[in-house]
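**Q** First the structure, which I've put down as structure tokens, then a few questions once you've had a look.
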């Protein structure tokens, strides 16, 4: 259970970094505004992708474990 919390927390943190980049909270004079917005979108899409992928993999694993239990009985 703790691993699920850690995994989701890291993925949500990636989303938050993307949102902060787009909103301009994480900005620097050295970086172009367009670059920050593009990186924000990339972080948001990557975070969503990782959350969806993790969720489907855990479902697949649970299904596999249940199927193995049924075969053993």
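**Q** Considering region 25-40 alone, what residues qualify as being touching a helix residue (DSSP H, G or I) at 6+ places or on another chain (Cβ under 7 Å) and either over 14 Å from residue 15 (Cβ atoms) or assigned to a helix (DSSP H, G or I) (or both)?
**A** Matches in region 25-40: 27, 36, 37, 39, 40.
**Q** May I pose another question? Which residues, taken from region 1-14, are within 18 Å of residue 57 (Cβ to Cβ) and part of a helix (DSSP H, G or I)?
**A** Going residue by residue through region 1-14, those that are within 18 Å of residue 57 (Cβ to Cβ) are 1-12, 14.
Scanning region 1-14 gives 2, 3, 4, 5, 6, 7, 8, 9, 10, 11, 12, 14.
**Q** Cβ-Cβ distance below 8 Å, separation of 6 or more or different chains: which pairs start in region 22-37 with a residue that is touching a residue at least 12 places away in the same chain (Cβ under 8 Å) and end on one that is surrounded by 12 or more Cβ atoms within 10 Å (Cβ to Cβ) and assigned to a loop (DSSP other than H, G, I, E, B)?
**A** From region 22-37, the pairs are 36/26; 36/27.
**Q** Cβ-Cβ below 7 Å, separation at least six or inter-chain, first residue in region 52-73 and surrounded by 10 or more Cβ atoms within 10 Å (Cβ to Cβ), second part of a helix (DSSP H, G or I): which pairs?
**A** Every condition considered, the pairs that remain are 54/7; 54/11.
Where a number appears in this text, it was derived from the coordinates with a stated rule and is not lab data. This is a predicted model, so every value here is computed, not measured. Backbone-built Cβ (ideal geometry, glycine too); neighbour counts: all protein chains shown.
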